[in-house]
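Working notes for the structure below.
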Amino acid sequence: MEDALKARIAVAAERAGKSPHAFILDALSETVERIETDDELHRVADERWAALKRAGKSVSWSDAKAYLQARATGEKARRPSARRPAR
């Protein structure tokens, strides 16, 4: 590790009230957790995309947005129905 980076870590660790070692371990842990979360989100997105392609139906963004905005303001709104996209 370069001396300049070591110095920056030491300063940041001190500001955070941690030892440089603990600071580095926390940074590594956060990075691994973020990557694992990203991987899980991509897995779920891939599953949902495959299901969408199989079904061939979806809810348009404008319908979904209108529904969510109505619900967010406390209005009763009918859930939009899925349909095949126009070509």
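Applying a threshold of 9 Å to beta carbon distances and a minimum spacing of six or more residues, or different chains, the list of pairs starting in region 63-87 at a residue that is surrounded by 10 or more Cβ atoms within 10 Å (Cβ to Cβ) and ending at one that is β-branched (Val, Ile, Thr) reads Tyr67/Val59; Arg79/Val59; Pro80/Val59; Ala82/Val59; Arg83/Val59.
Name the one entry in Arg48, Arg15 that is among the charged types (D, E, K, R), under 30 Å from Arg83 (Cβ atoms) and not assigned by TED's automatic domain parsing to the domain that holds Arg84. Residue meeting the stated conditions: Arg48. Among the candidates Ser29, Ser81, the residue that is among the hydroxyl-bearing types (Ser, Thr, Tyr) and more than 23 Å from the chain's Cα centre (by Cα) is uniquely Ser81. For region 40-87, filtering for residues that are among the polar types (S, T, N, Q), in a loop (DSSP other than H, G, I, E, B) and touching a helix residue (DSSP H, G or I) at 6+ places or on another chain (Cβ under 9 Å) leaves 1. Among residues of region 7-33 that are surrounded by 12 or more Cβ atoms within 10 Å (Cβ to Cβ), those with a Cβ under 9 angstrom from a residue that is outside any helix (DSSP H, G or I) and modelled with pLDDT under 95, sequence gap 6+ or separate chain, pair up as Ile9/Met1. Of all residue pairs spaced 6 or more apart or on separate chains, those with beta-carbon atoms under 7 Å, a first member in region 47-62 that is among the small types (Gly, Ala, Ser) and a second member that is part of a loop (DSSP other than H, G, I, E, B) are Gly56/Arg84; Ser58/Ala82; Ser58/Pro85.
The values are calculated or read from the model by the stated rules, or taken from the named source; none is laboratory data. Just so it is clear, the model here is predicted, and its values are computed rather than measured. Heads up, the Cβs are rebuilt from the backbone with ideal geometry, glycines too, and the neighbour counts pull from every protein chain shown.
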